[in-house]
Amino acid sequence: MTNHFPKDFLWGAATSAYQVEGAWDEDGKGKSVQDVKVLPENTSDFKVAADHYHHMKEDIALFKELGLKAYRFSIAWTRVIPDGDGEINPKGLQFYSDLIDECLKHGIEPVVTVFHFDLPAALDEKGGWKNRETIDAFVRYCGILFEHFGDRVKYWLTINEQNMMVLAGAAVGTGDRSFKELFQENHHMLLAQAMVMKEYHDKNYNGMIGPAPNIALAYPETDHPEDMRAAQNFNALRNWLFLDAAVYGVYNHQVMTMLKAINAEPEITDEDLAIMKSGTCDFIAFNYYNTGTVKASPVASTASEKNDQQKGMNLPGFFQGVKNEHLSVTEFGWEIDPEGFRTTANEIYSRYHLPMIVTENGLGGRDELTEDGKIHDAYRISYLRDHIQTMNQAIGDGAEIIGYCPWSAIDLISTHEGIRKRYGFIYVNRSDFDMKDLKRYKKDSFAWYQKVIATNGADLD
Ligand code: BGP
């Protein structure tokens, strides 16, 4: 197969603050919604995580050895501003300043998400994203980050998976509310994002800013025209709502119709519409795990069940999620669809014509550490190989993909399934309730990805 990866392709890997750092209440950090949420039974909390906060230099040295050209991580709002809108915590800023310097020292480009599911608990108590004051707090917080790190960070991501927070909030631990409330919060996040993008551009920082939704195409179950329309509805709500807003500063028309029909239309002022238009993105970051499949849904069918973020959803009268019989699934039940990755990347590019960075993609599995200190994760290698192959084809098709940051650089705590569901190239020796020695071990996928990067994607064997 022809190798289409450009010479300066950003081979990377990703993490998020609350899932990897630990040190949940150290050095002045405030509590986030992730620190106070009720966890599913038998599932680890995020207090220690991979203890990256205390292993930062060792971890970045391993990333260097892996050959990473980019590292996507998130900043914990509560480390920088413990209550979200009050005093700045200098130790929090220092940690991220050191992390950025450590990356740059090793020739690794930092790709920074400012908000990844971890709203400060103090803001949540005041209504969270329902409250317009959270918009101001977010804009102030981002301004502080740009001011301190804007000279060193060239790739900024605003909000991780805003679409999953809205459509599957219960699954990612960010709340379970009515559609009406959720789409009002969504509107406020879109405003906050636009304001931050505007500020970033107005101040002429030397870099790019973009959103980071989870984008994956939905297929119609059959060639019945009504199934096709159901897929179009689902794609509009799950995908285009978030990218139309970030790229063009507008609401997707089909989404507005759906929201009216389900009585979930947000309150939007004329000034809001102008704000949305005033701040748009320079590039598109997107997370891709798998596609969805839907069929037409009769008006009288039952409402959506909110559980795992990748499992089907149902909006009576518009679409109904179904299983795709052509796809296999991971041991955690997530469908595997590398072909859909190519289709999705091409579809995004056709609609928006902006450079793209893949900011998540990967396989969660129950890895085993052998007695001789190895982790044989052939299933992960196979998943990543298939996706890198179709990404190469998408670039060959003409889609401008400039970087790839699989999830995750190192083992971390899953959004709702503890550490038993691992994604990393590096194994962290702990279980859900036994912290063991937190020692790092390189998995088989580490050596494999190292070779992929060293050959710029030419050798995937
Ligand atoms: C994405 C999130 C990540 C991550 C990943 C895997 O939705 O952005 O934070 O965890 O999915 O999901 P999970 O941890 O549920 O397996």
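The values are calculated or read from the model by the stated rules, or taken from the named source; none is laboratory data. Just so it is clear, the structure is predicted and the values come from calculations on it, not from any experiment. Neighbour counts are summed over all protein chains in view; Cβ atoms, including those assigned to glycine, are modelled from backbone coordinates with ideal geometry. Quick note on the areas: whole protein, heavy atoms, side chains included, nothing else; ligands and nucleic acids left out. Shrake-Rupley method; radii C 1.70, N 1.55, O 1.52, S 1.80 Å.
Residues of segment 104-133 being part of a helix (DSSP H, G or I) and either out of contact with any Ser or Thr (no Cβ under 8 Å at 6 or more places or on another chain) or among the basic types (Lys, Arg) (or both), which ones?
Leu104, Lys105, Ala122, Asp124, Glu125, Trp129, Lys130, Glu133 - these are the residues of segment 104-133 that are part of a helix (DSSP H, G or I) and either out of contact with any Ser or Thr (no Cβ under 8 Å at 6 or more places or on another chain) or among the basic types (Lys, Arg) (or both).
Please find, within segment 311-340, the residue that is nearest to Ala236 (Cα to Cα) out of those that are among the aliphatic types (A, V, I, L, M) and over 22 Å from the mean Cα position of the chain (by Cα).
Leu315
Do the conditions hold for Leu460, that is, is it touching a helix residue (DSSP H, G or I) at 6+ places or on another chain (Cβ under 7 Å) and either within 16 Å of the ligand (Cβ to nearest atom) or among the small types (Gly, Ala, Ser) (or both)?
The answer is no for Leu460.
Just checking, does segment 126-147 include any residue being within 16 Å of the ligand (Cβ to nearest atom) and within 24 Å of Ala246 (Cα to Cα)?
Within segment 126-147 (the criterion being within 16 Å of the ligand (Cβ to nearest atom) and within 24 Å of Ala246 (Cα to Cα)), the answer is no, since none of the residues qualifies.
Please list, ordered by residue number, the helices (runs of 4 or more DSSP H) wholly in segment 205-300 having 2 or more residues that are farther than 23 Å from Met165 by Cβ and open to solvent by 10 Å² or more (accessible area, probe 1.4 Å).
So the answer is 225-235, 270-278.
Given the condition within 16 Å of the ligand (Cβ to nearest atom), surrounded by 18 or more Cβ atoms within 10 Å (Cβ to Cβ), modelled with pLDDT of 95 or more and of a type in the set (Phe, Trp, Tyr), answer yes or no: does some residue in segment 341-356 qualify?
Looking for residues that are within 16 Å of the ligand (Cβ to nearest atom), surrounded by 18 or more Cβ atoms within 10 Å (Cβ to Cβ), modelled with pLDDT of 95 or more and of a type in the set (Phe, Trp, Tyr), one finds at least one in segment 341-356, hence yes.
Take residues that are in contact (Cβ under 8 Å) with a residue 12 or more places away in the chain and open to solvent by less than 10 Å² (accessible area, probe 1.4 Å) and tell me which of the helices (runs of 4 or more DSSP H) falling wholly in segment 1-103 contain 3 or more.
Ranges flagged: 17-20, 52-66, 77-80.
Among the residues of segment 134-154, is there at least one that is open to solvent by less than 10 Å² (accessible area, probe 1.4 Å), of a type in the set (A, V, I, L, M, F, W, C) and outside any helix (DSSP H, G or I)?
Yes.
Return yes or no: is Ile388 assigned to a helix (DSSP H, G or I), touching a Leu at 6+ places or on another chain (Cβ under 9 Å), within 19 Å of Leu68 (Cα to Cα) and not basic (Lys, Arg)?
The answer is yes for Ile388.
So the check is Cβ under 9 Å with 6+ separation or different chains; which pairs have a first residue in segment 125-145 that's without any contact (Cβ under 8 Å) to a residue 40 or more places away in the chain and a second one that's in a helix (DSSP H, G or I) and β-branched (Val, Ile, Thr)?
Pairs that qualify, where the first residue is without any contact (Cβ under 8 Å) to a residue 40 or more places away in the chain and the partner is in a helix (DSSP H, G or I) and β-branched (Val, Ile, Thr), are Lys126/Thr134; Gly127/Thr134.
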